[in-house]
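The values are calculated or read from the model by the stated rules, or taken from the named source; none is laboratory data. This one's a predicted model, so the numbers in the text were calculated from it and none came from an experiment. All Cβ positions, even for glycine, are placed from backbone atoms using ideal geometry, and neighbour counts span all protein chains on display. To get the accessible areas, we keep the full protein, side chains included, count just its heavy atoms, and leave off ligands, DNA and RNA. Shrake-Rupley method; radii C 1.70, N 1.55, O 1.52, S 1.80 Å.
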Amino acid sequence: MTIGLVGRKCGMTRVFTDAGVTVPVTVVEALPNRISQVKTDKTDGYRAIQVTLGTRRPSRVPKALAGHFAKANVAAGYTSQEFRLNKNEGEALAAGGELKVDMFTAGQVVAVTGSTVGKGFAGTMKRHNFAGGMKTHGNSLSHRAPGSIGQRQTPGRVFKGKRMSGHMGVKNRTIDNLRIVEVDVNRNLLLISGAIPGSEGGRVIVRPSLKAASQARRKRLAPNKAPVAAKGGAGKGASKSDKK
């Protein structure tokens, strides 16, 4: 996992390029993420950093958590997030430091993780895109019914994982290959092209895209293909003459 920023989804707007083209963007407010702990292989068995952001009333902070933040000399926040570190990543980070939006640049490809909008209890057509039943030919009660869900006496039960009606939404989803259009350092804003998961005010995590980096690495390391000899070329004719 790469180091990212925890922010808040503010909503969507649009920006205009120099050519006059409108680009839909999502505005993410990423306040400075305060580093509350740096985990190492020696003390914790793995390398990671823990960040917090926002403010929280002291009366709402448990004593154990208050001592944890006091040890790092950072103010208690309303949420915390941990980012795993690679082998040579985050060597200069220390408890009490901050991560800001200036770690991203305009044009950078990122991945955004958030909790999807809750839809409540939904049927199979809305939840799983079922086609539904026929609209005519005597079908009067099964227009949006799921249909058969099992077999006969063997096995005599419904298999686990069967797509049926149920709670929809409120699941962690990651949208990859999104491009940062603009970085507003003064207001701690990131303008990201396209839509991201969650409703307005929801908590999101913005990270550099690992998929884009791996794709670029594969293109850079792809071996060159050997040239294929043309049909009826000189080499083929020479072989026939040698046989004669």
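Give, in nm to one decimal, the length gained when the segment between Thr79 and Thr43 is fully stretched (0.36 nm per residue of separation minus the Cα-Cα distance).
Details: separation 36, 0.36 × 36 = 12.96 nm, distance 2.35 nm.
Fully extending the segment from Thr79 to Thr43 adds 10.6 nm.
What nm value, rounded to one decimal, do you get for the distance between Asn88 and Arg56 when each label is placed 7 Å out toward the C-beta?
Inter-label distance under the simple model: 3.7 nm.
In the chain, once you exclude exposed GluC sites (Glu not before Pro) (DSSP loop, at most 15 other Cβ within 10 angstrom), what's the longest stretch remaining? Provide the component values of the computation, followed by the final result.
Numbers: sites that count: Glu89, Glu91, Glu200.
The segment 92-199 is the longest one with no such site.
Of the accessible area of the chain, with the probe set at 1.4 angstrom, what percent is carbon plus sulfur?
Working: 8670 of 16430 Å².
Taking all protein chains in place, the chain shows 53 percent carbon and sulfur surface.
Given the DSSP H assignment, sum -39500 (n - 2.57) over each helix run of at least 4 residues in the chain and divide by its residue total; what's the result at 222 nm in deg cm²/dmol, nearest 500? If you can, show how the numbers build up before the last one.
Values: 5 runs with 41 residues, N = 244.
One gets -4500 deg cm²/dmol as the mean residue ellipticity at 222 nm.
Which distance in nm do the two modelled labels at Phe16 and Lys135 give, with both placed 7 Å along the Cα-to-Cβ direction?
4.2 nm
Given the options His143, His128, His68, which has the most mean-square fluctuation in a GNM of the chain, springs set between C-alpha atoms less than 10 angstrom apart?
Of His143, His128, His68, the Gaussian network model singles out His143 as fluctuating most.
Anyone know which of Leu65, Leu189, Leu93 comes out most mobile in the 10 Å Cα GNM of the chain?
Residue with maximal mean-square fluctuation among Leu65, Leu189, Leu93: Leu65.
With +1 on each Lys and Arg Cβ and -1 on each Asp and Glu Cβ, and nothing else charged, work out how big the dipole of the stretch 58-183 is about its Cα centre, in Debye to the nearest 20.
For the stretch 58-183, the charge dipole is close to 1120 debye.
Per residue, how large is the accessible surface of the chain? Use a 1.4 angstrom probe and give square angstrom. Let's see the in-between values first.
Numbers: 16430 Å² over 244 residues.
Computed with neighbouring chains in place, this is 67 Å² per residue.
Choose one of Leu93, Ser59, Val28: the residue whose Cα lies farthest towards the positive end of the charge dipole of the stretch 1-138 (beta-carbon charges +1 Lys, Arg; -1 Asp, Glu; about the Cα centre).
The listed residue farthest towards the positive side: Ser59.
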